[in-house]
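K.L.:
Take this structure, written in structure tokens, and hold onto it; I'll ask about it next.
Nothing in this text is a laboratory measurement; each read-out follows from the coordinates by a stated rule. These figures come from a predicted structure and were not determined experimentally. Cβ placement follows ideal geometry from the backbone for every residue including glycine, while neighbour counts extend to all protein chains displayed.
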């Protein structure tokens with residue numbers, strides 16, 4: 001008897017305390033589609049999208065207090081465009097311009 005070990009469809013992983021840790025979609029063992037991760041408290045840690053295993057599109061991460069930590073975009077697995085970084089109080093600290101995963105300019 002042969003049993004498939006390929007991951008497909010939506011998967012959820014949990015912390016030892018029962019809180020959701022990750023949720024997202026697999027397509028033949030490759031991350032594909034929206035993914036979210038959570039702190040052990042249940043608060044959102046980050047969210048983004050995967051396209052055939054590579055981060056692609058909008059991405060954001062958050063402090064455990066709910067304030068945004070950073071936000072930007074990925075293109076084919078690399079940071080691209082303007083990324084914004086915030087302190088834990090929600091104040092914008094810096095902006096960095098990326099092109100093909102490389103820093104072009106800091107503001």
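K.L.:
Among all residue pairs at least 6 apart or on different chains, which show Cβ distances below 7 Å where the first residue, located in the range 23-47, is more than 15 Å from residue 64 (Cβ to Cβ) and the second is part of a loop (DSSP other than H, G, I, E, B)?
P.N.:
Listed pairs, sorted by first residue: 26/7; 28/6; 29/6; 29/7; 30/52; 30/53; 31/53; 32/52.
K.L.:
With the requirement that a residue be on the phi < 0 side of the Ramachandran plot and free of Cβ contacts under 8 Å to residues at least 24 places away in the same chain, what does the range 52-65 give you? Give the derivation first.
P.N.:
Taking the range 52-65 and keeping what is on the phi < 0 side of the Ramachandran plot, we get 54-56, 58-65.
Selection gives 54, 55, 56, 58, 59, 60, 61, 62, 65.
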